[in-house]
1. Can you name every residue in segment 98-125 that is assigned to a helix (DSSP H, G or I) and of a type in the set (Ser, Thr, Tyr)?
2. Is it the case that some residue within segment 50-73 is in contact with a Gly (Cβ under 8 Å, 6 or more places away or on another chain) and either modelled with pLDDT under 95 or not β-branched (Val, Ile, Thr) (or both)?
3. Kindly indicate which of Phe132, Phe95 is on the phi < 0 side of the Ramachandran plot, open to solvent by 50 Å² or more (accessible area, probe 1.4 Å) and assigned to a helix (DSSP H, G or I).
4. Filter segment 3-35 down to residues that are in a loop (DSSP other than H, G, I, E, B) and free of Cβ contacts under 8 Å to residues at least 60 places away in the same chain and give me whichever is farthest from Asn188 (Cα to Cα).
5. Are any residues in segment 23-40 under 16 Å from Tyr79 (Cα atoms) and open to solvent by 20 Å² or more (accessible area, probe 1.4 Å), and if so, which ones?
6. Only one of these conditions is not met by Ile198: (1) more than 13 Å from the chain's Cα centre (by Cα); (2) open to solvent by 60 Å² or more (accessible area, probe 1.4 Å); (3) modelled with pLDDT of 95 or more. Which number is it?
7. Looking only at segment 102-122, which residues are crowded, with 16+ Cβ neighbours inside 10 Å, within 17 Å of Tyr189 (Cβ to Cβ) and of a type outside the set (Phe, Trp, Tyr)?
Amino acid sequence: MSILTTIAWIAIGIGLLSSLIILVDIIRHPQMMWIMNIVWPINGWFLGPYAVWTYFKWGRLKAKDSETEDDRGFPAKVYFSTSHCSSGCTLGDAFGVPIVTLTGFTILGTTLFAHYAVQFTLAYLFGILFQFFAIYPMNKDAGVLKNLKNSIKADTLSLILFEVGMFGWMALVHYVIFAEPPKPHQMNYWFMMQIAMIFGFLTSYPANWWLVKKGIKEEM
């Protein structure tokens, strides 16, 4: 086993453990916004211990049984919005990988572009659904279509920029870092995906800052 593969196993293990720690606590202390019960464990997979730290620092403030005053600053609220956006993208990207692998789908003779197409489509759909489930409970009177339209308006820019960061890293993995890129059945591939999600989070954070600041996207 190569050093990189060993690191990959450790990183994936830490990510899954972080997700489990968050999940166990969420079962005991559910979030007021139910979709966040899914968001936080997903973030644990790619943000690892940092996701655990932010969950207990800020996420617990939004638990149904929390009696602590919500004193989060604006950067923390943007972190919430970015986490929410990133988790939807991450779920879509993760579902897209086996679809391309099992179908053998290619675009212009390469699976990378096929991954881009399928993963972007699913990431966008999951991202919009996550946003919809965040705003619909607070504004049911507006109806499904209006809330869906608001979800698209609120999250499209941040979803696109998440994929820009994620796809940019995977392009480096495919064309620059490896002579032979890792395949989805290898742990190294998922370690690279973990890193890709972090880049996606970083590239979408400024967009979420702007969207929340302008009132296009509501604070979470």
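The values are calculated or read from the model by the stated rules, or taken from the named source; none is laboratory data. In this text, all values refer to a predicted model and were calculated from it rather than measured experimentally. Because the Cβ atoms are built from the backbone with ideal geometry, glycine has one as well, and the counts that use them run over all protein chains shown. When the accessible area is computed, the model is the full protein with side chains, heavy atoms only, and any ligands, DNA or RNA have been set aside. Shrake-Rupley method; radii C 1.70, N 1.55, O 1.52, S 1.80 Å.
1. Thr101, Thr103, Thr111, Tyr116, Thr121, Tyr124
2. Yes, because at least one residue in segment 50-73 is in contact with a Gly (Cβ under 8 Å, 6 or more places away or on another chain) and either modelled with pLDDT under 95 or not β-branched (Val, Ile, Thr) (or both).
3. Phe95
4. Met32
5. Selection gives Met33, Asn37, Ile38.
6. Every listed condition holds for Ile198 apart from (1).
7. Of everything in segment 102-122, those that are crowded, with 16+ Cβ neighbours inside 10 Å, within 17 Å of Tyr189 (Cβ to Cβ) and of a type outside the set (Phe, Trp, Tyr) turn out to be Thr111, Leu112, Ala114, His115, Val118, Gln119.
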